[in-house]
Each structure stands twice: as C-alpha cells, then as structure tokens.
Amino acid sequence: QTLLQHSSGQEKVSQPRWEPQPRARLMTALTFSSKCGIVSIQDNRISIWSVGDLGNTGLNGEYHGEPHLLCDIQHNGDVMDMQFLDQERIVVASSTGTVTIFRHHQNNQTLSADHRWAKAHYHVDQDTSCGGAACTGVVCNNPEIVTVGEDGRINLFRADQKDAVRTIDNADSSTLHAVTFLRTTEILTVNSIGQLKIWDLRQQRNEPSQIFSLAGDRVPLHCVDRHPNQQHIVATGGQDGMLSIWDIRQGTMPVSLLNAHEAEMWEVHFHPSDPDHLFTCSEDGSLWHWDTSANVSEKPSFLHQGGRSTAYLSHSTMNQSVVSAWLSNDPTKDRMEITNLIPNQTLSVNSLDVLGPCLVYGTDAEAIYVNRQLFA
Amino acid sequence: MNLQFFKQLSECLICSTCTGDGAPSSSRVFVVRRDQDIYIHTLRKLFNESHGIFMGLQRSEEELAGKSRKAQLVQVSKNYRSVIRACMEDMHQAAALKLGPAFLQVSILSAMELIWNLCEILFVEAATAGPLLLRLLDWVRLHVCDVDSMVREVLSSESPSKHKLFWNVVDVFVLQGRMDEARHLLSKEASANPASMNMYKILDDFMKKMPVPSLGNTQTLTELELKWQHWHEECQRYLQDGTFASNPHMESICKILLGDEDAILEKKELMTTWYHFLVTRLLYSHPTVKPMELRFYAQSSMDLFLGGESSPEPLDMILMAAFEFEMHQVIKECSIVLSNWWFVAHLTDLLDHCKLLQSHNLYFGSNMREFLLLEYASGLFSHHSLWQLGVDYFDHCPEYGRVYLELHIERIPLSTEQKALKVLRICEQRQMHEQVRSICKIMAMKALRNNRLGSALSWSIRAKDAAFATLISDRFLKDYCEKGCFSDLDLIDNLGPSMLLSDRLTFLGKYREFHRLYGEKRFAEAARLLLTLMTAHIAPCSFWMTLLTDALPLLEQKEVIFSAEQTYELMRCLEDLTAGNPDKQKFQDDDVETTKVEMLRLALARNLARVIVKEGTVEGS
C-alpha cells in the first residue's frame, strides 16, 4: 500500500530533493524549487518544506499532514538541477548559467545565498551569442562541485574558492545534459548526441578518457546515474524514453536497453541504500519503479504491473560472471518487476528523489507528491 | 497624441505614445496585459487543479446512463467547488500574512462558488420538487455567513437565554430551517423562564412536527402537501387564538412558521440577502415548490426584499437568471462581470456534458462551450508556465482547437533547451510537423550562432531536416578549410546512421574517415575512399580541389597506391574541374591555383608512369 500526500504548490516543480539526514533526526525535509517565469514578475523560489516526522505515523503507517513550507528564497532563472552539498548547503544550477550555493539556517529557518558563480556557463562570444547558456547539471562531492551546461562546458568548483578550479571549454560540441561522479576523480557526462563520456579530472588534457555511444540512432541522453555499490554499472535515460544499462568496464555500447517511457526520460536514480531498485520519471507523466530484488523462481522471465509499456530486455554480451541483477544475462532467471507509481498521469514528472522508504517527485501540474511507503 | 497599437499574439498589447507633430518628446511605451488574473499567485492552484478535473471529465465514461452519469457529473461539480474553496482558504491565509491584494479576490471567489453551487443544484443535479428545497436550504446555510460570529457569541456565553442577541440567533435558526438548533435554544429559554413553559411546549411541538421534504422516496409530494396543509392550519389556529400574544418573540416565530411575509421581512437584517428571503419564504409557504415555479418567487422575493431602495447588483442578476433557468443568460452575465474566463469556461463545459446547452452557433467558434474554452486557454498561453495546461484545453475543442494550438505553440519563448523539448514533444504527439520543423530550425540556428555544432546537428536530426544538416556540414568543412583540421571530432567520428540525413553530412563523415584511414596508414583504402567521394558525386564541386590536393601525398608515396584506372579517373576529375572554370575570379589566386594544378598534373603523370610499369611487370620475376 502506498500512501500519497499531495500538496498542490503554486509553481511548476522541478528538482525535489531529500535533505540528507543524520541518524538521530527523524524529521525529513523535502526540498523543492519552483520553476517559473523569466519575463514577468520574479517568482522563482527555492523552498524548503517539512513533511513532518517520519516517526509520527499512525497504526497503519499513515501520516495525515500536508507538507508545510519552512522557508524560501528568490532565485534568478529556472532551476535546472540541484544537489545537497552537505547538511546545510544546496548547490543550484540556473537557466541563466549561474551556479549558486544556498545555505539553510536550521536555527531560524531561513535560506541565504552563500556564494555565486555568475557566469559559470555562457556562450563564447558574448556579443554575437544568441541567448544565454543554461547550466543543466550539477553534482557534488563535498567540497568539490562539478557543473555542466548547454555551452558544452565542464566546470570544477570548490565550495570555498571564488574562481573555478578547472574549466574545460568546449568539452563537448553538443549540450551536456547531466553529470555524475564515477569515482572521486572521474565524472560521467551525457550529451545530446547520445554519448556517455568519462572524464578523468586528474589529467590535464581536455579530452574524455572514454566515449560510449548508443548503437543506431544517436538519441540524446538526458540523465545518468551510477550504481551506488558497483561502480561499473551505469544507467542512462534517453529522449525516446529508453533506459540503458551500461557496464563501463567492457564494450562501448550498453548492456541492456529497456523500452520504458513514451517520451523523454528526465531523471534516473538508483536507490541509494537499496540499489536493486531503480526509479525513472518522464515527460509522459509516469514514474516507474524497477525492482530486481525478487528471488529467482520458476515464474516467467519478466513481470510487470501497472505500466503501460512492455519491458524488452536485450543483451549484447554473453560472457559475464557478474552477480548484479542489472547485468544479468540469463533470460530465464531475469525477474524484474516494473510498476508505474502514478495512478492518474497527466503532465510531465520532471524530477524525483528517493531516500529510505520515501519518494518525492514533482510534476508540471505544479504539485509535489510524497510517497512514504515505497516498499510496503 | 498618436497611439499606435501593436498587438502580439502573446496577448500583450504594447502601445506607444508620441506627439502628433512628430516633435521629439518623451514617448512612453506601455505594456498592457490582458488576463492579469493568471499572474495572481494564489490563483494558480485553481488553474492547476481545475485542469485535472477538466481532463477527468473529458475522459470520463460517456456510456454511463441515467442516474450514475448524473451522480458522476454532480461529483465533478463538487470537485470544482472544493477547489474554489481551497483557493479561498489559501487566500485567507495569505491575507492574514498581508501578502497581496487578497481580499477582493476572496470575495470574488466566494461569489463564484455561490453561483456555481446554485447552478449545480438547478442544472447539474436538476433537483426536483421536494429535494429542491432541501438543497436550497443547504445552499443558503453554507453561504450566508454574516451571522456566524453572532451565533458563536451567543452559544458560547454562559447563559445564552440572557444574551441580548439571543432571540436574534433563534430567529436565524428558524429562518434557515434549522429546527433542532432552534428548539434546543428555546428549551434553555423555557428552563430559565418557566412562565413561558406552556407557550414553549406548543411552539416546540409545532417545530418538531413540521413536515419537510425528504431525500429518499418515503413519501410522495401529494402526501407531503396534505400533511403540510394540515400542520399549517393547526398552527394558524393557535396563532389566531392568541396563544403567543404575551411573548412577541415567540409570536413572531410562529408567524414566520406560517410563512407570513411581513414577519419574515422584518428580519431582513438577519437574512442579509434576497435569496435567503426567497428560500425562507419557500420553506414556510411552498415547500413542494417545483423548479419551474422558482422564477416567480424569485422575482417577487427580490422586489419585496430590495423594496425599491436599492437596485440589484450584478450578482443578484446572475442568480436571478439562474432561478429563471436562463443558462445562457447566466453565462453571459458572468462573462461580463468576471475578469477571467476560468469560471464560465469550466461551468459551460460541465453544462455541455450534462447535455443542457443547445448549440448556439456563434460567429466565432463553433459553439459557446468551445468559444469560452478557446478564450480561456488563449489566456493561459500568455503565461510562461501555465501554457501547458492550455494545450489540453485546445485538444478538447474539436473545431478550432488545433488551429489555435498551432498558432500559439510557435510563439512560446524557448528560453532553455528543456522547454523546447517539451514544446516539441507536444507538437510531435499531435502530428504538428510544420511546428516541429519550425521549432527545431529555431533551436538549430541558435546553436549554430553560438558555435554549438553538435547541438545544431542534434536538432536537425530530430526534425529530419536535411537542408539544415547540409548547412552544418558546410560549416564544418569551412572550418576545416580555414584551420586545416577538424573541430569537434567527437561529433564527426560518431555520426552513426544520422550521417545519412543529408548528402553533405555523409560526405563529411566519409571525408573524416578518409583522414582517419590516412592517419592509420591504410593508404589503399584511403585512396579508394577518396576516389569514391569524387566519382560518386558525394563531394560538392567546391571541395574537389581540396580532395585532389589531399590526393597529392598519396601520389607521392614511395609505394604506388593508385591503380592506372584510378589515376585516369583522377585525371578526368582534374580536367573536369579546370575545364569548367572560366578565369573570372582567380586573378589573384592565379599563381597559387595554377601551381597547384600543375603540381597535380605532374604527380598524376608520374604516378601513371609508375603504375603502368608496375602493372605491366609480370609478378614474381
């Protein structure tokens, strides 16, 4: 049984994120930001909401409060991506090309802008450039922050330093849509010509150390995430809604291609503590929960409930001895449960975040949804 | 002063002023926005949630017949109303925090809910005689709240019957038909004042026994009327006997129970509105009123209540039109009075689903429902993020929706790639190919201007735009000619099947492959490729010279690479090239060009010589 709390916010929701919590605290704070206009009144805000005490649940695990707003702050431009740097600081990527660190002051529940890199992303020739370049992705590994943008640039910042530590100009000739850490010194980027690239930040040359690409059409890739425990397993989502699983130790093509959504897949996340579970959300308004944790049994090879598309598993390598269910290649043993978590889908689900048993996602219908019982 | 108006489709009127004689003066540009409401922060919840309800209604089962369909429609109506109420709640809170001009909005929303509720009772639910009265009573109780604070005050006081407003509260309860509550209060009075116990008992009895319509089918209308008639006569007798003569309050209550208009009118202040008066009148004089009879009572009630002192306000006229079952009039009046199309669009759509609106063919738009939805959705499109809701509304306007969508969607400002992708997805889902091409072209052009060739190519691929792909390839080739090397190798090396999008792109890919082969010292293959590029006419004519120049190092290799036949081909190409070139523009480059050509001719001749010898030689000797 899933419990959905629905709070209709007043802005388009992008990038809800769970605040990392230390073990002692039961309170979870749900961060979401509003994505609104440019021309008219400035009403873009970063807001911190509380969804209340996780411990305060009724007999059936029900919680009846609405998320309530703790504090918010003005933000210039649309929020393209957001990540927590540590307990208190949030890094936000803006459509104006600016990257800002906000600090959440827990004692008086306010937000303030700590630091800003104003022109992190821009198009080269300011005079003839046609519009600004949005910063499309940000990833943190305290104190390092890596950002990528529509200008094909990769920036490496440190939280305490005013200027960028390193900038790779023209790292990519197309737009970089997302970035994530592979190891502490290596990052993964995906771009709009269907390539997954590994960059080694220790090296001084401005070339990727490896390039992977999809076979067939160069469909743009929008999101990327790495398996929390097994660093060679990477998942990407594409413009055609396809979920690709890659093993970056071998080959330059994906291991599995799963036909998932009917439109752009905006985000993909492995569950941080339970990586047999994967979540994807899409422009088509659905949010899918991919579950490979089921035991091997005589049941048919794949089982899906609730989703509208069929799952298609294809395997391109045959000789592996990998344990992970994501890379498993035996069709009779594969068992993946795929569930669509949204009962009445209408507009796009732009973003999601997952922590423990809780899932939060935001839609273009300007609402945030919190699901507290993912694994019930 | 001259006023020039430039109307943009994005619903923004810009007018500039300047003096008539053209003399320089301070001119001002005014930006006038229509549909200001959509920018009101707190109303966005209304727009978003009602969009969900609207979509649910459009998708709902049409096959459900009769009662279940009606119940479904009533539920939809209730959902709309609860959204309005939720919005009012938010505004109240915002007003408490002093954020924005909420007060006016709250009263507007309140009026909207009032009207909607009445329309729900009369049109959607189409309550029949009997239940009609009960619904109207609920309606009044819900919406006439001016007396609530007084009621609370009296009820919470220590001895209510001593409170100076006690009888007012009792009257309120009686006027609103809240018999139990009235009786409860009266019992307090009776216990405090034993002298009136007798009167109280009689009155209490009457109030208890008063026949009211029931929701279930436990009694027919005729039965109810008979019972009521009987009760009324009994009550009349007691009044005439002077039972309540000693207590004017109770006497007045008795008169009200008997439906005495003057007695009821005396309590004007407690009723505050003529429609409250109407319902009270109906309760105590015509409880089995039929829907079609409402209009007469409504008109007379309003006249009696206003009494010629004040004239009806717009809200009054709208409610009157509803009581008269003039749906079109209701919609028309609401359209005039309200500043936003939200209310009329959704209400009309609901009424249309109830099959209540005959199609009035209007000049603009095929019928009223569609016209209103088109107007509402157009208003949404002028908002930077609510436009997505507008798309769905256009989808459900069968006649003009598509055209409107096509025009509006091209004008959405594409500030980020993500927004462009969303717009594109919408267009693709509706097979709006023109718009897809147009948007992709815009994005590709922007990317090209910013020197993001990979992005530009990605947009061309999405639109399957061969012409633009050619443009991009030309740009690459131009860069190559200027710099002598390729930029963005990660792109060109990984073109994949998209290479086939345009000939020029294919050439680019193959040309790069040639360079790679050369770099890997696979000369024979490189040579073959080079030749194919020219002979199969994949290469543009302008590039032939460059290709031939690229052939030079291959010709100069120690090892013979080109076969005789291939050499002949190359020579032919060279001749084709030089023959077709009148010397008009090459005066300056004359030296360089002629040198090049001569070097080529020499190299080709030498290669030919060598290869003839080689091929003529018998192997192994």
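The values are calculated or read from the model by the stated rules, or taken from the named source; none is laboratory data. Everything numeric in this text was worked out from a predicted model, so none of it was measured. Counting neighbours? That spans all protein chains shown, and the Cβs are built from the backbone with ideal geometry, glycine included. Quick note on the areas: whole protein, heavy atoms, side chains included, nothing else; ligands and nucleic acids left out. Shrake-Rupley method; radii C 1.70, N 1.55, O 1.52, S 1.80 Å.
Among the residues of region A:200-212, how many are over 17 Å from A:G251 (Cα atoms) and either under 18 Å from the mean Cα position of the chain (by Cα) or in contact (Cβ under 8 Å) with a residue 24 or more places away in the chain (or both)?
2
Of the residues that sit in region B:444-488 and are facing chain A (nearest Cβ under 9 Å) and open to solvent by 40 Å² or more (accessible area, probe 1.4 Å), which one is modelled with the lowest pLDDT?
The extreme case among them is B:N451.
Counting just the residues of region A:68-114 that are away from chain B (no Cβ under 14 Å) and hydroxyl-bearing (S, T, Y), which one comes out farthest from A:T136 (Cα to Cα)?
A:T110
Among residues belonging to region B:398-425 that are among the small types (G, A, S) and closer than 25 Å to A:W266 by Cα, point out the one that is least open to solvent (accessible area, probe 1.4 Å).
Across region B:398-425, the extreme among qualifying residues is B:A420.
If a residue must be within 14 Å of chain B (Cβ to nearest Cβ) and either of a type in the set (V, I, T) or within 14 Å of the chain's Cα centre (by Cα) (or both), how many such residues does region A:348-376 contain?
Residues flagged as within 14 Å of chain B (Cβ to nearest Cβ) and either of a type in the set (V, I, T) or within 14 Å of the chain's Cα centre (by Cα) (or both) within region A:348-376 amount to 6.
Among residues belonging to region A:116-125 that are open to solvent by 20 Å² or more (accessible area, probe 1.4 Å) and farther than 15 Å from A:V138 by Cα, point out the one that is farthest from the chain's Cα centre (by Cα).
Within region A:116-125, the match that is farthest from the chain's Cα centre (by Cα) is A:D125.
Identify all residues within region B:593-621 that are open to solvent by 80 Å² or more (accessible area, probe 1.4 Å) and modelled with pLDDT of 80 or more; write none if there are none.
B:E598, B:M599, B:R601, B:L602, B:R606, B:R610, B:I612, B:V613, B:K614, B:E615
So is B:K510 within 11 Å of another protein chain (Cβ to nearest Cβ) and either buried (at least 16 other Cβ atoms within 10 Å of the Cβ) or of a type in the set (V, I, T) (or both) or not?
Here the answer is no, as B:K510 does not meet what is asked.
State which residue is nearest to the other protein chains (Cβ to nearest Cβ) when the search covers only region A:177-189 and only residues that are buried (at least 24 other Cβ atoms within 10 Å of the Cβ) and touching a Lys or Arg at 6+ places or on another chain (Cβ under 8 Å).
Among them, the one singled out is A:T189.
Results for (1) open to solvent by 60 Å² or more (accessible area, probe 1.4 Å); (2) farther than 25 Å from B:L136 by Cα, shown as yes or no for each residue.
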| residue | (1), (2) |
| --- | --- |
| B:S191 | yes, yes |
| B:I202 | no, yes |
| B:F206 | no, no |
| B:W228 | no, no |
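Quick test of your reading of the structure: B:Q431 fulfils all but one of (1) of a type outside the set (D, E); (2) in contact (Cβ under 8 Å) with a residue 12 or more places away in the chain; (3) farther than 22 Å from A:V79 by Cα; (4) more than 8 Å from every other protein chain (Cβ to nearest Cβ). Name the failing condition by number.
Only one criterion in (1) of a type outside the set (D, E); (2) in contact (Cβ under 8 Å) with a residue 12 or more places away in the chain; (3) farther than 22 Å from A:V79 by Cα; (4) more than 8 Å from every other protein chain (Cβ to nearest Cβ) is unmet by B:Q431, namely (2).
Scan region A:161-176 residue by residue and report those that are open to solvent by 10 Å² or more (accessible area, probe 1.4 Å) and of a type in the set (D, E).
Hits for region A:161-176 are A:D163, A:D169.
Taking only region A:215-238 into account, find how many residues are open to solvent by less than 20 Å² (accessible area, probe 1.4 Å), at the interface with chain B (Cβ under 9 Å from one of its Cβ atoms) and not in a strand (DSSP E or B).
1
List, please: which pairs have Cβ atoms under 8 Å, are six or more places apart or on different chains, and start with a residue in region B:601-614 that is under 13 Å from B:S563 (Cβ atoms) and end with one that is open to solvent by 100 Å² or more (accessible area, probe 1.4 Å) and of a type in the set (S, T, N, Q)?
Here the result reads none, with nothing in region B:601-614 linked to a residue that is open to solvent by 100 Å² or more (accessible area, probe 1.4 Å) and of a type in the set (S, T, N, Q).
Does B:L122 count as in contact with a Pro (Cβ under 7 Å, 6 or more places away or on another chain) and surrounded by 19 or more Cβ atoms within 10 Å (Cβ to Cβ)?
It is true that B:L122 is in contact with a Pro (Cβ under 7 Å, 6 or more places away or on another chain) and surrounded by 19 or more Cβ atoms within 10 Å (Cβ to Cβ).
So in region A:190-199, with the set limited to residues that are under 18 Å from the mean Cα position of the chain (by Cα) and assigned to a loop (DSSP other than H, G, I, E, B), which one is nearest to the other protein chains (Cβ to nearest Cβ)?
My answer is A:S192.
Consider B:D488 carefully, then state whether it is on the phi > 0 side of the Ramachandran plot and among the acidic types (D, E).
Yes, satisfied.
Consider region B:47-69. How many of its residues are farther than 28 Å from B:I108 by Cα and not hydrophobic (A, V, I, L, M, F, W, C)?
Within region B:47-69, residues that are farther than 28 Å from B:I108 by Cα and not hydrophobic (A, V, I, L, M, F, W, C) number 9.
Does region B:379-390 contain at least one residue that is among the aliphatic types (A, V, I, L, M) and more than 22 Å from A:L347 (Cβ to Cβ)?
Among the residues of region B:379-390, not one is among the aliphatic types (A, V, I, L, M) and more than 22 Å from A:L347 (Cβ to Cβ), which makes the answer no.
Among the helices (runs of 4 or more DSSP H) confined wholly to region B:148-201, which include 2 or more residues that are touching a Gly at 6+ places or on another chain (Cβ under 6 Å)?
Fully inside region B:148-201 and qualifying: nothing.
Return the total of residues in region A:242-275 being at pLDDT 90 or above, under 15 Å from the mean Cα position of the chain (by Cα) and assigned to a loop (DSSP other than H, G, I, E, B).
2
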